[in-house]
Amino acid sequence: MVAILTRIIVIILIVALLYSGIKYLTHPKRKLELAHEQKKFYFLDDVNNVRKNFILTFKGVLFEGEKYLGTTADSFDVISIFVFPKNVNALKGMTRADFKTIEQHILQHYPKANIEWKSPIKEFMQKEDNLHEEF
């Protein structure tokens, strides 16, 4: 009887370890960290929770986006997003094309949103607009 009980406990422990291992490997925050280390793009968001900010990584830089709910012509939807870097020093080497690419990825998830960048990216992107107006 003791041997059967011991086997059952060992099997339960093995199943619990396998479950926690699989849960760890598939956790979205782990995927975000891995993409950040590999300098790849990854978008982590809870689409059903408008109050929760999204996090994305692109070329080794972490960005956070604040979502704001508003009305469109036919529904309530995310209409405004403010994006800012977690670490301004990590922006070294990024170009306007990189920020445009990030905007395109965000618009895939929130097509009705107006994307605004916070400082210092805001000023950097405005310089581009001012250059086009001069010509």
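The values are calculated or read from the model by the stated rules, or taken from the named source; none is laboratory data. Because the structure is predicted, anything quoted here is derived from the model rather than measured. When we count neighbours, we look across all protein chains shown, and the Cβ atoms used for this are built from the backbone with ideal geometry, even at glycine. For accessibility, only protein heavy atoms count, side chains too; no ligands or nucleic acids. Shrake-Rupley method; radii C 1.70, N 1.55, O 1.52, S 1.80 Å.
Data overview
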| item | result |
| --- | --- |
| Region 94-115, residues that are touching a residue at least 12 places away in the same chain (Cβ under 8 Å), over 16 Å from the mean Cα position of the chain (by Cα) and open to solvent by 40 Å² or more (accessible area, probe 1.4 Å) | ARG96, LYS112, ASN114 |
| Residue within region 9-25 that is in contact (Cβ under 8 Å) with a residue 60 or more places away in the chain and open to solvent by 50 Å² or more (accessible area, probe 1.4 Å) present | no |
| Condition check for VAL61: farther than 23 Å from GLU33 by Cβ, out of contact with any Gly (no Cβ under 7 Å at 6 or more places or on another chain) and either surrounded by 13 or more Cβ atoms within 10 Å (Cβ to Cβ) or aromatic (Phe, Trp, Tyr) (or both) | no |
| Qualifying positions in region 75-86 - open to solvent by 40 Å² or more (accessible area, probe 1.4 Å) and either in contact with a Phe, Trp or Tyr (Cβ under 6 Å, 6 or more places away or on another chain) or modelled with pLDDT of 85 or more (or both) | PHE76, ASP77, ILE79, PHE82, PHE84, LYS86 |
| Test for LEU56: is it closer than 30 Å to TYR24 by Cα, at pLDDT 90 or above and open to solvent by 30 Å² or more (accessible area, probe 1.4 Å) | no |
